[in-house]
1. Among VAL230, VAL206, which is the only one that is touching a helix residue (DSSP H, G or I) at 6+ places or on another chain (Cβ under 9 Å), over 14 Å from ALA153 (Cα atoms) and at pLDDT 95 or above?
2. Would a scan of the range 168-191 turn up a residue that is part of a loop (DSSP other than H, G, I, E, B) and farther than 27 Å from LEU48 by Cβ?
3. Taking GLU114 as meeting all but one of (1) surrounded by fewer than 16 Cβ atoms within 10 Å (Cβ to Cβ); (2) closer than 18 Å to THR71 by Cα; (3) among the charged types (D, E, K, R), write down the number of the exception.
4. Please give the number of the condition LEU200 fails out of (1) exposed (fewer than 14 other Cβ atoms within 10 Å of the Cβ); (2) within 27 Å of LEU122 (Cβ to Cβ).
5. Please verify whether HIS190 is more than 14 Å from VAL144 (Cα to Cα) and in contact with a helix residue (DSSP H, G or I) (Cβ under 8 Å, 6 or more places away or on another chain), treating the condition exactly as stated.
6. Determine whether VAL52 is part of a helix (DSSP H, G or I) and exposed (fewer than 15 other Cβ atoms within 10 Å of the Cβ).
7. Which count do you get for residues in the range 117-136 that are of a type in the set (Gly, Ala, Ser) and touching a helix residue (DSSP H, G or I) at 6+ places or on another chain (Cβ under 8 Å)?
8. Given the conditions (1) without any contact (Cβ under 8 Å) to a residue 24 or more places away in the chain; (2) surrounded by 18 or more Cβ atoms within 10 Å (Cβ to Cβ), and given that GLN147 satisfies all but one, which numbered condition is not satisfied?
Amino acid sequence: MVVMGFRHYKNLVLHKAWADFRAEAERTYLGVAWWVLDPLINLGVYYLVFGVIFSQGGPDFVPFLLVGLVTWRFFEATVVRASNSILQNVSMIRQVAFPKVIFPLISVATCLLEYAFSLALLFVVLIFYGHHPSLSWVVFPVLVTVQVGLVLAFALPLAAAVPFVPDMYKLVTQVLRIMFYMSGVFFDIHRLSPKLQFVLGFNPMVHVIGAVRAVLMRGEWPSWPVMAAVCGVSALAALLGALVIRRLDPLFAKRIAR
């Protein structure tokens, strides 16, 4: 359903994503620059707390931390925006009849455009700290694809549920906050006990962030079995979410109109 919907409505998705991207850039003073400033601000805060006050991380802590922050920022911001996308497009839903799965896809495409600015900052910092491009960098687009699949796995089921249970949107932000602190953004999960590593391993972002660090910082290949597992579970969850959205499609306009 996701693939078919994207093929039939890809022009709408791409054009609307570009329009939203430009509108956001023009609507505020910071616009998409916030995707650069946000990780920089958080980098300063977490470096001060963990790198200076607690003397953790070592000389490579800045790129280590920034990789985690940039990767997490894309995941969190996209899930939040996409999960609320159907509810926020009330006017279009009332006027035009087309698959509602289009709305979270537009959100993902828009955030991908904004993600490019964060990645530009990340690559500049990596090169500044001596992490020059290596052969392993060629698989980074594959990891971005894995990230998109993981985003859809969360966003599509939530986009189907939020119009009927609006308070779930607030719950999503709290769950994401918990996931953030358990994702290894500002600590090396491999320094923890095997038991804790096993528990934190249920958070898929642990594996995604770890794979990005392996590829960009250590010149290593990601763990393909782990990435395949993340992709498989993400595909099933995204497909389920798309099917639920399709099943509830006639009800969204009535529900949101209340």
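1. Only one candidate qualifies: VAL206.
2. The answer is no, given that none of the residues of the range 168-191 is part of a loop (DSSP other than H, G, I, E, B) and farther than 27 Å from LEU48 by Cβ.
3. Every listed condition holds for GLU114 apart from (1).
4. In the conditions (1) exposed (fewer than 14 other Cβ atoms within 10 Å of the Cβ); (2) within 27 Å of LEU122 (Cβ to Cβ), LEU200 misses (1) alone.
5. yes
6. When the stated conditions are applied, VAL52 passes them.
7. Qualifying residue count for the region: 3.
8. In the conditions (1) without any contact (Cβ under 8 Å) to a residue 24 or more places away in the chain; (2) surrounded by 18 or more Cβ atoms within 10 Å (Cβ to Cβ), GLN147 misses (1) alone.
The values are calculated or read from the model by the stated rules, or taken from the named source; none is laboratory data. This is a predicted model, so every value here is computed, not measured. Cβ atoms come from the backbone with ideal geometry, glycine included; neighbour counts cover every protein chain shown.
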